[in-house]
C-alpha cells in the first residue's frame, strides 16, 4: 500500500497522499518536503467528517475536490471512518489525479487496509520522474495531450455546473472509455455526453464555445 501511495504522490502536481482514519490519524502516506507537517491530518479530519455527514444525509459522495489559494485537495471515502487524500498544487491535472486515486482506492479496498504499525508515514524528498514515459507507466495516466484536454474540459464543465464537475467528469470518462480507446480523436463523444448534465441553455452554449477552442 505504501508503494501505491508513493506512486500517487509522484504524479505531476501532487505533493502528498495518504490514508487517513478518524481514530488513528494518518495510517500511511507519502509527501514532499514542501508540504507543511500536520496538513494531511488536518485535511483528513475535515474530509472524513464531510463524508460521514454525506452518508447521514443520504448522499453517496464518490469524490470531493477543493481548490484553495495554495493547495488543491482531492478526497475519496475509503471506509466508514477513513479517506484517501491527495494534496496538489493548484496547477495539477485534477481529473488525472482523481482517476489515479480512484484506482488506488479500489486496489486498497480489495486488499484490505494495513495497520498503522506496518506502514509508517514517509516524508519523501521531492523528486521529478525520470521521464514522462516512466510516469505514465507507473500511474496509468493518459498521454500529455489528452491529459491537458481533459483538464480544460473539466474547467469548462465547472463553469457550467459548478464544483461537482470533477465527479461528473470522472463518471463520464469511465463511460466514454468503455465504448472505445481514450484518444483525442474521440473527445467530441465525451463532450456530447457531458452536455447531458447541463440543464441551463445559456450555460450549455458557453460550454460549447469553450470546447470548440479546446478541440
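Figures for the structure shown
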{"quantity": "For peptides 152-160, 204-212, 78-86, sequence by mean Cβ density within 10 Å, most packed first", "calculated": "78-86, 152-160, 204-212"}
{"quantity": "Segment 144-214: relative contact order in percent, alpha carbon pairs under 8 Å with at least 6 residues between", "calculated": "44"}
{"quantity": "Surface/4 of the Cα convex hull for segment 144-214, nm²", "calculated": "4.2"}
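Where a number appears in this text, it was derived from the coordinates with a stated rule and is not lab data. Note that the coordinates shown come from a computational prediction; the quantities given were computed from them, not determined experimentally. Every residue, glycine among them, receives a Cβ derived from its backbone with ideal geometry; neighbour counts consider all protein chains shown.
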